[in-house]
């Protein structure tokens, strides 16, 4: 799949205040201990990633949240954002208790202009039903720039879609998809509350799977995710660990919940070797509701080992994500990312504009 390409990247900058250009000598400091520490716009994983700090970066601690889980950090070069206190090695004698409490949300620079290079028609037609779901969501206050995901380990970061927020990708001949990346910036690297390893569709509806750090008592993971993110779209990708006898019912329950809340479900089939009849069930349910279907399972049959690793479940991968690189495009995650992005573009152009 060799292609001529032009490099495209969405870059998100931290807002720099004049005070960020100088570090006060008496301010509390720390060093980052993660290989690449996320800086977020606000104190919590529900806020967008607006930057990253490499291992060993010295930062000033400007503020903290009430629980002292998140700190507002400023690097010497002016980069500023909220980071997990867990990945900070605080200077000797530093205590977080006296640090001011803040709930500041940091703005991000505007994304690159949406200059669309002669875009071809969307890869799929979008039904009027999908348009009506979107309009219902707008009336309910959903964010048309946000999407969520509900799925198993193959939907986790950094493999599924995250590169489009990190900026570590080449679209190649698919440069027409850049406006969709700009429009949904901040959602690609957000894992959310409805993705788990080795999980089934029913788990998204079961409150015992919800993270108590973010979710209310008795709240299901999908309800928690929708409350926190207010998405316009949700990618739904299950089937590997689902009992075919109940899979259709569990899928319908997720879909009904999403539609009632004005969230457009995009269903994604799987490529692994387990419970393969679930792909046909998912396709049938998508047709029943008139919903977008990414039939990745069918497309992956042309990939080496059907796009999965030796365990027959987890998808093969290649970094960086480069749609012009033949080696990358022989892996499951690269093809899945491309097909998901094309579906996102189709729904955005077909139902949300």
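Quick note: the coordinates plus some simple rules give every number you see, no bench work behind them. This is a predicted model, so every value here is computed, not measured. Every residue, glycine as well, gets a Cβ built from its backbone with ideal geometry; the counts of neighbours run over all protein chains shown.
Among 230, 40, 246, the residue with the largest mean-square fluctuation in a Gaussian network model of the chain, with springs joining Cα atoms closer than 10 Å, is 246.
A compact globular protein would have a Cα radius of gyration near 2.2 N^0.38 Å; the ratio found for segment 225-353 is 1.08. Each residue in 228, 267 was given a count of other beta-carbon atoms within 10 angstrom of its own, and listing them fewest first yields 228, 267. When the distances between all Cα atoms of segment 277-353 are binned every 5 Å from zero, what whole-number percent does each bin get? All Cα pairs, binned at 5 Å, distribute as 3, 15, 20, 22, 18, 13, 8, 1, 0 percent. The ranking of 90, 238 from fewest to most other beta carbons within 10 Å of each one's beta carbon is 90, 238. Taking the chain as a Gaussian network of alpha-carbon nodes connected by springs under 10 Å, the highest mean-square fluctuation of the residues 191, 95, 132 belongs to 95.
Per residue, the chain reaches -7500 deg cm²/dmol at 222 nm when only DSSP H runs of four or more residues are counted, each adding -39500 (n - 2.57).
Dividing the radius of gyration of the alpha carbons in the chain by their Kirkwood radius gives 0.98 for Rg/Rh. Spatial offset of segment 262-291 relative to segment 170-216 amounts to 17 Å, using the alpha carbon center of each. Note on the chain: antiparallel DSSP beta bridges, both residues inside, total approximately 60 percent of the bridges counted.
On a 0 to 90 degree scale, rounded to 10, what angle separates helix 277-289 from the longest Cα axis of the chain? Long axis of 277-289 versus the principal axis of the chain: about 90 degrees. The fewest-to-most ranking of 177, 72 by surrounding Cβ atoms within 10 Å reads 177, 72.
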